[in-house]
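Q: Okay, handing you the structure first.
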Amino acid sequence: MQIPFRKIHESPKPFHIKDGRVECSGTFWRSGKHKITIEGKLEGETEFICDRCGKSYGAPIEESFSLEAVDRPVKVEDSLDMVECLDGIVDFDSICRSETASIQSEYHLCPECADKEDFEIEL
Ligand SMILES: [Zn+2]
């Protein structure tokens with residue numbers, strides 16, 4: 001789903017997209033002359049790579065996110081949770097994918113290794 005920046009107004013609008021088994025939904029609105037705010041939630045199931053054994057496994061995700069999209073370049077120190085849309089298009093599909101990717105890049109253990117880790121702690 002792609003929406004031109006100039007067509008986004010101050011009244012919040014809902015969005016709902018599906019990327020494979022992950023659903024991304026929420027609202028977006030214009031929060032400044034060159035800025036829109038997107039608040040959403042990722043829900044579904046996705047693939048993770050275990051940080052201990054390297055095995056991939058499917059697990060549910062449920063994560064809220066909030067970010068701002070701007071239609072002009074941002075200073076590096078402001079770039080956290082900011083998406084630059086220099087072509088004037090807000091690409092919700094790529095926002096959803098990169099939010100999913102950032103959750104996948106966090107530290108994860110597969111159920112097997114997570115069990116072992118609990119066991120080690122008990123010892
Ligand atoms: Zn593992």
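No value in this document is a laboratory result; all are computed from the given coordinates. Model, not experiment: these values are computed from the prediction. FYI the Cβ positions are ideal-geometry reconstructions off the backbone, even for glycines, and counts take in every protein chain you see.
Q: In the neighborhood of G26, defined by Cβ-to-Cβ distances under 12 Å, what is the net charge if each Lys or Arg adds +1 and each Asp or Glu adds -1?
A: With Lys, Arg at +1 and Asp, Glu at -1, the neighbours total -3.
Q: Using a cut-off of 10 Å between beta-carbons, work out the net charge of the residues near K35 (Lys and Arg +1, Asp and Glu -1, K35 not included).
A: Values: positive: R30, K33, R72; negative: E68, D71.
Spelling it out: positives minus negatives among the neighbours equals +1.
Q: Another question about this same structure. For the chain: lysine pairs with Cα atoms under 24 Å, gap of 8 or more or different chains, count?
A: Close lysine pairs found across the chain: 11.
Q: Something else about it: Between K18, K55, K35, which gets the highest mean-square fluctuation from a Gaussian network model of the chain, Cα cutoff 10 Å?
A: K55
Q: Continuing with the same structure: For the chain, what is the calculated [θ] at 222 nm in deg cm²/dmol (nearest 500), taking -39500 (n - 2.57) for each run of four or more DSSP H residues and dividing by its residue count?
A: -6500 deg cm²/dmol
Q: Using Cα atoms only, what is the angle between the long axis of helix 111-122 and the major principal axis of the chain, expressed in degrees (0 to 90) to the nearest 10?
A: Compared with the principal axis, the helix lies near 60 degrees.
Q: What's the local net charge at S64, with K and R +1, D and E -1, over the other residues with C-beta under 11 Å away?
A: -4
Q: Another one. Can you bin every Cα-Cα distance in the chain into 5 Å intervals starting at zero and give me the percent of pairs per bin, rounded to whole numbers?
A: Calculated over all Cα pairs of the chain, the distribution is 2, 10, 19, 18, 15, 12, 9, 7, 5, 3, 1, 0 percent.
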